[in-house]
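Chemist: Below you'll find the structure I mean.
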Amino acid sequence: MTYCVGMLLGDGFVLAADTRTNAGFDNVATFRKLHSWSQPGERVFALATSGNLATTQAVVSLLTEGTLSLRRRGAVDNLFTAKTMFQAARIVGRAARDVQKTDEGHLFKSEDTFSANFLFAGQIGAERPRLFQIYSAGNFIEATADTAFLQIGEHKYGKPILDRVSDPAMRLGEAAKMLLLSFDSTVRSNLSVGLPIDLLVYARDALKLERTRRIERDDPYFVKLSSDWGKALRKAFADIEEFDI
């Protein structure tokens, strides 16, 4: 399983994904689940993936081949020719459907065979940054000011802090801190989610991807963040008046 979370802000967006993949307790591996494409000065895209690894890797490959074919043969209708983020999200959704349509005749179709979800964020030209959650069927929803964060995968343990703290007016650094705290809670409570964590921070109108980081288990900031958060929670708990039985 995995955990991915994205947040849309007035100043841009932040996306994060873990890297653990497991097919049973004795078959655990590390795979990148946060991917990106860009034409500096023109457009940037980031995609976080959750679900069946074969399906999500095939979708990423289709999107990557589409951008390469544009450069080589002038192909149309891919991420680099989309005029809006809505059109780009439809391209990702279509790639998800194409993978399912190609493989479903050869594989036993069960609920989990093609299970895949995606968080897709980016900016094209002067259009504002946008964030979408795309489902296996290719349909999607978009983050709004009312619901500025989206999650996929094992999201339940990391959701409480987002519900209580998230604000679209947050600074990018604040949002990154909050998302990492969400991961800290998830990793502590769910063995199917684990470090390293891939983190991408995008500043509005930058139109280039230059703030990415892999958070390893011994990352000094993450270690301190986890320790300080534990201390703060214990202090907050101790400061609250006890229940009078």
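Chemist: Arranged from highest to lowest average of other beta-carbon atoms within 10 Å per residue, in what order do the peptides 52-58, 119-125, 193-199 appear? Spell out each step's value before the answer.
Modeler: On the way: 52-58: 18.4, 119-125: 24.1, 193-199: 21.7.
So the peptides 52-58, 119-125, 193-199, ranked by packing, come out 119-125, 193-199, 52-58.
Chemist: May I pose another question? Between the helical axis of 53-73 and the dominant principal axis of the chain, each derived from Cα atoms, what acute angle in degrees is found, rounded to the nearest 10?
Modeler: It is inclined by approximately 50 degrees.
Chemist: Taking the simple approach of a point 7 Å from Cα along Cα-to-Cβ for both E174 and F237, what is their distance in nm?
Modeler: So the label points at E174 and F237 sit 2.7 nm apart.
Chemist: With a bin width of 5 angstrom, please list the P(r) values of the stretch 169-214 as percents of all Cα-Cα pairs, from the 0 bin to the one holding the largest distance.
Modeler: 5, 19, 25, 22, 15, 9, 5, 1
Chemist: What angle do you read, to the nearest 10 degrees and between 0 and 90, between the alpha-carbon axis of helix 172-189 and the longest principal axis of the chain?
Modeler: Around 80 degrees separate the two axes.
Chemist: Still on this structure: Taking one equal scatterer on every alpha-carbon of the stretch 98-209, how large is log10 of I(q)/I(0) by Debye at q = 0.10, 0.13, 0.18 1/Å?
Modeler: Summing over Cα pairs of the stretch 98-209 leads to -0.39, -0.64, -1.08.
Chemist: A further question on this structure: How far is helix 85-103 tilted off the main Cα axis of the chain, in degrees rounded to 10, range 0 to 90?
Modeler: With rounding to tens, the tilt is 80 degrees.
Chemist: So if I restrict to the alpha-carbon atoms in the stretch 3-239, what is the Rg, and what is Dmax, the biggest pairwise distance, in Å?
Modeler: 18.0, 65
Only the coordinates and a few stated rules stand behind these numbers; no lab work does. Only a predicted model underlies this, so the values are computations on that prediction, with no experimental measurement involved. Quick reminder, even Gly has a Cβ in these numbers, built from the backbone with ideal geometry, and neighbours come from all protein chains shown.
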